[in-house]
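Visitor: Sending over a structure as structure tokens; questions will come in a sec.
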Amino acid sequence: MLRTSQVRRVLVAMTAFASVAAWQAAPAAAAGPLKDITNRYVGSAVAANPLASQADYRSVLTREFDNVTPENEMKWAVVEPNRGQYNWSGADAIVNYAQQNGKSVRGHTLVWHSQLPGWVNNLSAAELRTAMQRHITTAMGRYKGKIRAWDVVNEMFNDNGTRRQSVFQQKLGDGYVADAFRWARAADPAAKLYINDYNTEGLNAKSDALYNLVRTLKQQGVPIDGVGIQAHLATQYGFPGGYQANIDRFAALGLDVAITEADVRVQLPADAAKLNTQASYFKQLWDGCHAVARCVEFTTWGFTDRHSWVPGTFPGEGAACLFDTNLQPKPAYTRINP
Ligand code: G3I
């Protein structure tokens, strides 16, 4: 079945053809928005505050993307800051926006060492296991049928490929990962279930560890559907080697792959040369995903430099997104969508 964006593209192509036939010399059709030039889901992380208060932010998001990922609003510390006291306001707002505007949602994220409410760290192993199951079941149950894919387990590896010693790893041992996926499948059987991580774009110790884990999980019949590659890049570190081969090897295991958090930060001040390098990195990310049939999603971690996590985390770096602070497309955008 053709997706809406594909139908739109066929219509645009037919119209262009008819125009050319009629006038022989019609100018090249202007490129459509990003979501119309690909049959992958193309998304952005979204924050509930600007979505509610900035009309231009909302309008560019709606025009360009067909997937949204709540940037912080579904994280455990946000939705259950105190044990048993829930706040779904930001998550609800984003899911409602998606429903009203025909956008797919990537749920982010269920089991993660960061942005954990403090009380989770103080639980016994048995309590932690129960709390983890309840958290997965509650969050996924609330949005059952409205979320296409979930980042079930996030950032569980260190860069050297060993397991991060999170509270889950320390108290529950290796099996917490399989448990999380089984509980997630039970909570919303239709949702695609992903493991997600950063610095796993290329072939390296961390992506090897991720590959070995997901291969084992598949062999054991654990319900995992996909691998999320975050793709937080920086121009000063070079483009990761073996990017497409890495996507290929995950796809060959029978898994979907999603680029889940793409951005390319530069050292400030940005200049034309840096933005050109950034454009080439975004284009390589985009093309590598499109070269592999099972790479089903390309999501960026924010779409405008007006609202990005980068300057707060890496002082002196930024300008990491496809649109500038005035929501004008940058060279990276036009390189992908000329
Ligand atoms: O909401 C509070 C606000 O009340 C308070 O005044 C303010 C003071 O610092 O903090 C606000 O919370 C911040 C939150 O973002 C919302 O803006 C946190 O401090 C800040 O740490 C948090 O950062 C987020 C970060 O994850 C946390 O690790 C970023 O926005 C978010 O973009 C980032 O996203 C992660 C993905 O989830 C996982 N992969 C990496 C990616 C980038 O770090």
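Visitor: Within the range 106-119, which residues are of a type outside the set (S, T, N, Q) and within 15 Å of the ligand (Cβ to nearest atom)?
Guide: Across the range 106-119, the qualifying residues are 106, 107, 108, 110, 111, 112, 113, 116, 117, 118.
Visitor: Go through the range 281-316 residue by residue and tally those that are among the acidic types (Asp, Glu) and either under 16 Å from the mean Cα position of the chain (by Cα) or surrounded by fewer than 18 Cβ atoms within 10 Å (Cβ to Cβ) (or both).
Guide: Counting residues in the range 281-316 that are among the acidic types (Asp, Glu) and either under 16 Å from the mean Cα position of the chain (by Cα) or surrounded by fewer than 18 Cβ atoms within 10 Å (Cβ to Cβ) (or both) gives 2.
Visitor: Restricting attention to the range 205-240, which residues are of a type outside the set (Phe, Trp, Tyr) and free of Cβ contacts under 8 Å to residues at least 12 places away in the same chain?
Guide: 212, 216, 219, 221, 238
Visitor: Mind listing just one residue for me: the one in the range 65-109 that is touching a His at 6+ places or on another chain (Cβ under 7 Å) and either among the hydroxyl-bearing types (Ser, Thr, Tyr) or outside any loop (DSSP other than H, G, I, E, B) (or both) and, of those, surrounded by the most Cβ atoms within 10 Å (Cβ to Cβ)?
Guide: Going through the qualifying residues, I end up with 69.
Matching residues to (1) modelled with pLDDT under 95; (2) closer than 13 Å to residue 322 by Cβ; (3) touching a Cys at 6+ places or on another chain (Cβ under 6 Å); (4) acidic (Asp, Glu):
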residue: 257; (1), (2), (3), (4): no, no, yes, no
residue: 265; (1), (2), (3), (4): no, yes, no, no
residue: 271; (1), (2), (3), (4): no, no, no, yes
residue: 274; (1), (2), (3), (4): no, no, no, no
residue: 279; (1), (2), (3), (4): no, yes, no, no
residue: 286; (1), (2), (3), (4): no, yes, no, no
residue: 291; (1), (2), (3), (4): no, no, no, no
residue: 299; (1), (2), (3), (4): no, yes, no, no
residue: 302; (1), (2), (3), (4): no, yes, yes, no
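Visitor: Moving on. Listed residues 90, 141; which is within 16 Å of the ligand (Cβ to nearest atom) and not aliphatic (A, V, I, L, M)?
Guide: 90
Visitor: Yes or no: residue 257 closer than 27 Å to residue 217 by Cβ, away from the ligand (no atom under 16 Å from the Cβ) and out of contact with any strand residue (DSSP E or B) (no Cβ under 6 Å at 6 or more places or on another chain)?
Guide: So residue 257 fails the test.
Visitor: OK, next. I'd like the full set of residues that are in a loop (DSSP other than H, G, I, E, B), within 15 Å of residue 33 (Cβ to Cβ) and within 13 Å of the ligand (Cβ to nearest atom), limited to the range 298-338.
Guide: Hit for the range 298-338 is 303, nothing else.
Visitor: Do we find that residue 293 is in a loop (DSSP other than H, G, I, E, B), more than 16 Å from the ligand (Cβ to nearest atom) and either of a type in the set (Asp, Glu) or touching a residue at least 40 places away in the same chain (Cβ under 8 Å) (or both) in this structure?
Guide: Judged against the criteria, residue 293 is a match.
Visitor: Okay, moving on. For the range 111-209, which helices (runs of 4 or more DSSP H) that fit wholly inside it have 2 or more residues that are under 22 Å from the mean Cα position of the chain (by Cα) and not hydrophobic (A, V, I, L, M, F, W, C)?
Guide: 125-142, 176-187
Visitor: Next question. Taking the criterion of being within 18 Å of the chain's Cα centre (by Cα) and either crowded, with 19+ Cβ neighbours inside 10 Å or within 16 Å of the ligand (Cβ to nearest atom) (or both), would at least one residue in the range 213-220 satisfy it?
Guide: No: the range 213-220 contains no residue that is within 18 Å of the chain's Cα centre (by Cα) and either crowded, with 19+ Cβ neighbours inside 10 Å or within 16 Å of the ligand (Cβ to nearest atom) (or both).
Visitor: Restricting the range 218-235 to residues that are assigned to a loop (DSSP other than H, G, I, E, B) and of a type in the set (Gly, Ala, Ser), which is farthest from residue 280 (Cα to Cα)?
Guide: Restricting to residues being assigned to a loop (DSSP other than H, G, I, E, B) and of a type in the set (Gly, Ala, Ser), the top hit is 221.
Visitor: In the range 153-194, what residues are within 15 Å of the ligand (Cβ to nearest atom) and touching an Asp or Glu at 6+ places or on another chain (Cβ under 8 Å)?
Guide: 154, 155, 156, 157, 164, 194 - these are the residues of the range 153-194 that are within 15 Å of the ligand (Cβ to nearest atom) and touching an Asp or Glu at 6+ places or on another chain (Cβ under 8 Å).
The values are calculated or read from the model by the stated rules, or taken from the named source; none is laboratory data. Predicted model, so just to flag it, every value in this text is computed and none were measured. Cβ atoms come from the backbone with ideal geometry, glycine included; neighbour counts cover every protein chain shown.
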